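One structure is given here, and the rest of the page talks about it.
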Amino acid sequence: MKPDDTSDTIPSLVLQHIEIFVCPVCDAGLDVSADRQEMRCTGCGLAFGCEHGIPLLFWPNEPTPRMDVTQDVKAFYEENPFPSYEDFDSPWSLREKAQRGFFSRLLDEQIPHGARILEVGCGTGQLGNFLGLSQGRTVFATDICLNSLKLGQEFKQKCGIDSTAFVQMNLFRPVFKRSFFDVVICTGVLHHTSDPFLGFRSILKLLRPGGCIIVGLYNTYGRVPTDVRRLIFRLSGNRFKFLDPRLRDRCVGETRKRVWFMDQYRHPHESKHSIGEALGWFDQCGVQFINSIPKPTAFGGFSPDEKLFRANPRGTTLDHFLVQLSMLLSGGREGGFFIMIGRNQGTG
Ligand SMILES: C[S@@+](CC[C@H](N)C(=O)[O-])C[C@H]1O[C@@H](n2cnc3c(N)ncnc32)[C@H](O)[C@@H]1O
């Protein structure tokens, strides 16, 4: 365990990269105080503290005419940190579990040594900690929810994962310089914000030209089975929980089941999106479509050694309809979630 990660001081990974941090309010650079207890803006002079080795750089959204859900969503996750560490107690168990999930395994195998990775909305930080197990990477895992970040930080400290640092950040108020990261990962987050497309543009700015963005969203069709189950649970007073595959899975611990139930069925805000809509975001922002899970073409399968970052055809409207219909018919596994991968062409 490194001494700098045991206290409330700014962690060494942040110190090493202090030149990439900016103030969430005015965008000027940040300095670290001599006692390493806070970061201070060189422009507006605001000071930001640090708790459990997590710089507290959260700043609320600008007031907008649109309803802003950030505070409600933050309060929800402070109560229900997602997805929790119940099933892991060591780097080996984390690695073993992550490698069983083919997406995280492929990411780990295919993101190059030395890559600078930003995870936005990392929750309790399993992916950020897993990717940081490989030496040579720099991983910043960020979220608005301090209780989730603390769980990630606790695990990181216990396992001595030096390549990952946790930072509290609102994705609408980024705290990193533009164009720094090679990979930006944001799964399961934008659909819990008031303006997912604005959020997408906000995090895309942090990606270097040529870098890859990975976005996971609830699918309009794939989410229908969850919506139906939510209605049944509500009408039946939460009986019939066995209808959700994860809630009846004996291998999933009680804490993870409770957190899953809250996240899927009691969330204060979610939106749904289609493959075509996400492709529209890519087109408007100068992002080339590379890959998606599921593939955007009908009958396009994923191989166990899929090249995640090799360009694929983007499919037709009919393809998208069939792919999304099959998500619905298969019962909306993983909550009807789809993942899009794109390359920043730097023209957006
Ligand atoms: C469903 S969890 C996903 C966690 C993780 N990415 C995963 O896939 O397991 C959604 C996360 O998004 C975070 N989040 C929501 N709005 C956010 C915002 N405006 N900025 C940063 N994080 C946000 C929440 O705090 C929560 O931890």
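The values are calculated or read from the model by the stated rules, or taken from the named source; none is laboratory data. For clarity, every value in this text was computed on a predicted model and none was experimentally measured. Because the Cβ atoms are built from the backbone with ideal geometry, glycine has one as well, and the counts that use them run over all protein chains shown.
At a glance:
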read-out: Selection from region 53-62 of residues that are crowded, with 16+ Cβ neighbours inside 10 Å and either at positive phi or of a type outside the set (V, I, T) (or both); value: G53, P55, L56, L57, F58, W59, N61
read-out: Tally of residues being in a loop (DSSP other than H, G, I, E, B) and within 16 Å of the ligand (Cβ to nearest atom) across region 43-100; value: 21
read-out: Subset of region 77-97 (residues that are within 18 Å of T255 (Cβ to Cβ) and among the hydrophobic types (A, V, I, L, M, F, W, C)); value: F82, F88, L94
read-out: Scan of region 338-348 for residues that are out of contact with any Leu (no Cβ under 7 Å at 6 or more places or on another chain) and either modelled with pLDDT of 95 or more or of a type in the set (F, W, Y) (or both), ordered by number; value: I339, M340, G342, R343, Q345
read-out: Among (1) within 12 Å of the ligand (Cβ to nearest atom); (2) surrounded by 24 or more Cβ atoms within 10 Å (Cβ to Cβ) - the single one H191 does not satisfy; value: (2)
read-out: The listed residue being among the acidic types (D, E) and more than 20 Å from G101 (Cβ to Cβ), out of E306, E334, E254; value: E254
read-out: Filtered residues of region 306-347 (kept if part of a loop (DSSP other than H, G, I, E, B), in contact (Cβ under 8 Å) with a residue 60 or more places away in the chain and in contact with a helix residue (DSSP H, G or I) (Cβ under 9 Å, 6 or more places away or on another chain)); value: E306, K307, L308, F309, G331, G332, G336
read-out: Residue that is assigned to a loop (DSSP other than H, G, I, E, B), in contact with a helix residue (DSSP H, G or I) (Cβ under 9 Å, 6 or more places away or on another chain) and not β-branched (V, I, T), where the choices are G123, G114; value: G123
read-out: Count of residues meeting criterion [part of a loop (DSSP other than H, G, I, E, B) and not β-branched (V, I, T)] in region 101-111; value: 1
read-out: Conditions (1) under 15 Å from the mean Cα position of the chain (by Cα); (2) free of Cβ contacts under 8 Å to residues at least 24 places away in the same chain; number of the one not met by A141; value: (2)
read-out: Complete set of residues in region 130-149 that are crowded, with 19+ Cβ neighbours inside 10 Å, within 12 Å of the ligand (Cβ to nearest atom) and closer than 22 Å to V175 by Cβ; value: A141, T142, D143, I144, C145, L146, S148, L149
read-out: Subset of region 39-61 (residues that are farther than 10 Å from T9 by Cα and of a type in the set (G, A, S)); value: G43, G45, A47
read-out: Tally of residues being of a type in the set (K, R) and free of Cβ contacts under 8 Å to residues at least 60 places away in the same chain across region 58-107; value: 4
read-out: Per-region count, region 109-127, residues more than 9 Å from the ligand (Cβ to nearest atom) and under 24 Å from P304 (Cβ atoms); value: 7
read-out: Every pair of residues 6+ apart whose Cβ atoms lie under 9 Å, when the first sits in region 168-190 and is more than 24 Å from C26 (Cβ to Cβ) and assigned to a loop (DSSP other than H, G, I, E, B) while the second is away from the ligand (no atom under 13 Å from the Cβ) and modelled with pLDDT of 95 or more; value: none
